[in-house]
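Notes follow the structure.
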Amino acid sequence: METALVKEAKKGNKEALLNLIIAQKSDYYKLAFAYMKNEDCSVDALQDMIVVLYDNIKKLTKNEAFYSWSKTILVNICKAKLKKNKRLMSLEEIKEDIAVETINNPEDKIFLDRYISRLSIKHQEVIKLRYYLDYDYESISQILKIPLGTVKSRLNAGISKLREAIGGDFYG
């Protein structure tokens, strides 16, 4: 189904492209919101993504890679908008409704977010994509256009720095 829609979208079928996007609209929105931290800016980024996808879908070589390709475009659009606005926040201040769901206590979430915000942007990105938005390593690698080993390395280093800053495991 997905591959057939991609083929149709490549032929210029706008409805097929929109169906692909609608199928994962929640994931796209969460990803945009993680960067933009604002509903209107997130929707603007999504609209820009749709235009870029429509203009460039013929360049997509692997139809099965549509979602990782489109999410990479969305991340790049968000980063460009933030840079243009001189508000490069990356993923550092995500609203609590997207926060780590395994932590139920709001004070613990604030505590953890405070320490995460002290990490480098590179470490924040991989940690939040992995643990806040539940992306797998391969998806993170594709979205950020970094090797899989770099994703794992950044996650490991970021978690180690968090443990060191907190003074051990969070629940330890």
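The values are calculated or read from the model by the stated rules, or taken from the named source; none is laboratory data. None of the values given here were measured: they were computed from a predicted structure. Glycine gets a Cβ as well: all are built from the backbone with ideal geometry, and neighbour counts include every protein chain shown.
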So if I check each of 23, 16, 32, which one is in contact with a helix residue (DSSP H, G or I) (Cβ under 8 Å, 6 or more places away or on another chain), closer than 25 Å to residue 124 by Cα, surrounded by 14 or more Cβ atoms within 10 Å (Cβ to Cβ) and of a type in the set (Gly, Ala, Ser)? 32
Restricted to region 80-92 and to residues being assigned to a helix (DSSP H, G or I) and either in contact with a Ser or Thr (Cβ under 7 Å, 6 or more places away or on another chain) or modelled with pLDDT of 85 or more (or both), the residue nearest to residue 122 (Cα to Cα) is 80
In region 137-172, the residues that are at pLDDT 90 or above, among the β-branched types (Val, Ile, Thr), assigned to a helix (DSSP H, G or I) and surrounded by fewer than 18 Cβ atoms within 10 Å (Cβ to Cβ): 150
Taking the conditions exactly as written (touching an Asp or Glu at 6+ places or on another chain (Cβ under 6 Å) and not assigned by TED's automatic domain parsing to the domain that holds residue 147), does residue 16 satisfy them or not? yes
Please count how many residues of region 144-160 are touching a residue at least 24 places away in the same chain (Cβ under 8 Å) and either small (Gly, Ala, Ser) or closer than 21 Å to residue 67 by Cα (or both). 5
